[in-house]
Amino acid sequence: MADKYELVIEMAKRRGFLWNSFELYGGTAGFFDYGPLGAMLKRRVENIWRDIFVINEGFYEIEVPTIGIEDIFIASGHVSGFSDPLTECQKCNEAFRADHLVQDVVTNPDIMSADELTEVIKKNNIKCPECGGKLGTVYEFNLMFNTSIGPGSKRKGYLRPETAQGMFVDFPRLLKFYRDHLPFGATQIGKAYRNEISPRQGVIRLREFTQAEAEIFIDPRDKTHPKFTEVAGIELNLFSHEAQEKGESQKMSIGNAVANGIIAHQFLGYCLARTYQFLIRVGVSSGKLRFRQHMKDEMAHYAADCWDAEIHSDRFGWVEIVGIADRTDYDLKSHSKQSGTELSVYVPYDTPKKIQRFAVKPDMGVLGPKWKGKAGKIAAALKALKAEELSGDHIELTIDGEKITIEKEAVTFETITEDVHGENIIPHVIEPSFGIDRITYSILEHSFFEEEAEVEDGEDDKKRLVLRLPPEVAPVQAAVLPLLTREELIGPANDIIKKLRAAGILVAFDDSGTIGRRYRRNDEIGTPYSITVDYRTLEDGTVTIRDRNSMKQVRTGMNDIANNIYDLIYRGKPFDKAGTIVK
RNA sequence: GCACCGAUGGUCUAGCGGCUAUGACUUUAGCCUUCCAAGCUAAUAACUCGGGUUCAAAUCCCGAUCGGUGCACCA
């Protein structure tokens, strides 16, 4: 009956990967603690993400407050759009979306306030669709956690529901940092918060979770990627619109998918490829990974194309762990409007363009003294006029409802030809957005194996629990085990520990119980390598290294043990090159 | 948020109105042990919380919390 989720979570709790938060006080749904091993695992996943997106792609990381002011979320649409108007039946207590109930009677319920919706329901005598009962007052349930900034409640604040807005808000600073050149990107790894109505599914649906997001600002006219050829050959499991209608995903190279128009453009394809490489590197199994394209009706209206990386989970089926979207210029435009600041990039042309422009020049020397305070408005109105409107003897204007007549001497106009060297464009945004908690859980589930161990005569079936984590993400990277609990073996073991720690390797010492038990303990938490000190160590200074996956051993010198282990973990050194095979 | 089901050491579990609350595994200390968990000895450790019924509640009732399942929600 126990499914894999149960097995994995049980192990994770017992060994210190994941704990329910606030357990001491009974716990609260939607919150999880990372224990000592879980926190380390998660940190290593984040660091690999940094290696790929920050170091190799050059998208510097920023860090902004997790609390945002109201303006940000008005611009992003979260204040209005991240809430649902609910109404409850007074009789059967069922809750309904008020906007859905009135959509037949009014044209655009989306933009109506709760009060307006209440009014509409009352006027049209709309009843509970379940039992026909009376419906209560409409209220907004917003999924953002809110708070107030400073004493009193004047300044509203919200815990951010995504890290993305931080990068958009800092756009002008980022643009300067990158010296006014497109494309550029910024990333952020941090907490985000959503006050889910009823979170279930353990660590899959959290109220506080960690996102790793990149916002990459590109020229909307050029969505190619200079390094596209590097990834064009990578084959992905694609679940496109068409594939979803057929119900079957297809293997296809990124190059082909872009060429055939399945993926909208190179830049998006490139992000899919790097996402794939990241997920495989941290330990998601490729056979349980697919990229699903959003259907047209599921995509945000502003998005050009959107793909989710999904992993297959034993209990939950296909689960979204990454979203990769072309958000076009939606976010920058919204913040531009809300803040009243232009958010654009000046892009020079290769060769300057000749542009013919009609220019109106009000003579402020005449207008100023005559019209005083109104002169500014008059000048602005004049500039908006066309040639034929300016050519009469008098020009009639209406300023603040007052008719004003301007003599033609007060204004000159001409059509001028000038060189234009470039233009301001609003970049498009490509957004790969990663749910780090879901990825961390996926790794645990995909790495978790229950194996039949060899059984000697007269023994029952034996199970070996092993977490086949990639060495690079394993929280404990090496265990040092004296074969027997004896002083003379513990000495060299401590020397080895010192060397490994100096090389930045997280190492555990364990001398409790039989050697077999200790191997199993380490298998269960995914420790990739165990170093055993035996009596031969005292004779010739060699130790054995045991490989967690194969349970094979090599014997090697303890002098360069740190380099040896480091190469095994980080440089992909094959295990049989680490020493001479034992047996 | 609604409905149904569940909750006992770290983990799994016995209990069915009255016990000093089973047992196993784990863990810890010691013994033994020269390479793949469960040899020996000992120790630590639990009735989710709050009310109620009763002489007496882990056990019955009510509520809360958490977990599971279905519905709703998931920008």
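Pairs with C-alpha atoms separated by more than 32 Å, drawn from the list A:LYS176/A:LYS223; A:LYS288/A:LYS552; A:LYS227/A:LYS552; A:LYS223/A:LYS296, are A:LYS227/A:LYS552. Run through the DSSP bridge list for chain A and note the antiparallel percent, rounded to the nearest 5. In chain A, DSSP labels about 90 percent of beta bridges as antiparallel. Here the Karplus curve 6.51 cos²θ - 1.76 cosθ + 1.60, taken at θ = phi - 60°, turns the phi angles of segment A:339-348 into couplings of 8, x, 10, 6, 10, 8, 10, 7, 10, x Hz, with x standing for Gly and Pro. Geometric descriptor of segment A:131-224, per residue, is 232 Å³ (volume of the convex hull of the Cα atoms). Label separation (A:THR224 vs A:TRP19): 5.5 nm, computed from points 7 Å beyond Cα along the C-beta direction. Seen from A:PRO65, the other residues with C-beta closer than 13 Å to its C-beta sum to a net charge of 0, counting Lys and Arg as +1 and Asp and Glu as -1. Counting Lys and Arg as +1 and Asp and Glu as -1 over every other residue whose Cβ lies under 14 Å from the Cβ of A:PRO471, the net charge comes to +3. Listed values for segment A:532-537 are Karplus-derived 3J(HN,Hα) couplings in whole Hz (6.51 cos²θ - 1.76 cosθ + 1.60, θ = phi - 60°), namely 10, 9, 10, 5, 5, 4, and x replaces Gly and Pro.
When only Cα pairs below 8 angstrom with a gap of at least 6 residues are kept, chain A shows a relative contact order of 12 percent. Close amide-amide hydrogen proximity is noted between A:VAL533 and A:LEU481, A:LEU483, each under 5 Å apart and 5 or more residues distant or on a separate chain (H modeled in the peptide plane; Pro and chain starts excluded). Per residue, chain A exposes 51 Å² of solvent-accessible protein surface, assessed with a 1.4 angstrom probe and all protein chains in place. Charged side chains reduced to their Cβ positions (Lys and Arg at +1, Asp and Glu at -1) give segment A:1-66 a dipole of some 260 debye around its Cα centre. Between A:ASN195 and A:MET144, A:PHE145, the built amide H atoms are under 5 Å apart, and every one of these is 5 or more places off in sequence or on another chain.
Relative to the longest principal axis of the C-alpha atoms of chain A, give the angle of the C-alpha long axis of helix A:114-123, reported between 0 and 90° and rounded to the nearest 10°. With both axes taken from Cα atoms, the answer is about 70 degrees. Over every pair of different alpha-carbon atoms in segment A:476-581, take the mean of 1/r and invert it; report that Kirkwood radius in Å. By the Kirkwood definition, the hydrodynamic radius is 13.4 Å.
Heavy-atom accessible area with a 1.4 Å probe sorts A:THR341, A:THR485, A:THR556, largest first, into A:THR485, A:THR341, A:THR556. Solvent-accessible area assigned to carbon and sulfur over chain A amounts to 49 percent, based on a 1.4 Å probe. Helix-only arithmetic for chain A: the sum of -39500 (n - 2.57) across DSSP H runs with n ≥ 4, divided by the residue total, places the mean residue ellipticity at 222 nm at -8500 deg cm²/dmol. By the Cα gyration tensor, chain A has an equivalent ellipsoid whose semi-axes, rounded to whole angstrom, run 60, 33, 22 from largest to smallest.
Taking loop as defined by DSSP and a crowding limit of 16 other beta carbons within 10 Å, which chymotrypsin sites (Phe, Trp or Tyr not before Pro) in segment A:278-341 fit? Loop-located and lightly packed - A:TYR302.
Compared with the dominant Cα axis of chain A, that is its longest principal axis, helix A:487-502 is turned about 20°.
Taking every C-alpha pair closer than 8 Å and separated by at least 6 residues, the mean separation divided by the residue count of segment A:453-583 gives a relative contact order of 25 percent.
The long axis of helix A:515-524 is offset from the longest Cα principal axis of chain A by roughly 10 degrees. Only one residue of A:LEU489, A:ILE121, A:VAL582 has its Cα farthest out toward the positive end of the dipole of chain A, where Lys and Arg carry +1 and Asp and Glu -1 on Cβ, and that residue is A:LEU489. For segment A:244-252, 3J(HN,Hα) computed residue by residue from phi via the Karplus equation (6.51, -1.76, 1.60; θ = phi - 60°) reads 5, 5, 7, x, 9, 7, 10, 7, 7 Hz, glycine and proline entered as x.
The values are calculated or read from the model by the stated rules, or taken from the named source; none is laboratory data. Here the structure is a predicted model, which means the values were calculated and not measured. No Cβ is skipped: glycine too gets one built from the backbone with ideal geometry, and neighbour counts run over all protein chains shown. Just the protein is used for accessible areas: all its heavy atoms, side chains included, with ligands, DNA and RNA removed. Shrake-Rupley method; radii C 1.70, N 1.55, O 1.52, S 1.80 Å.
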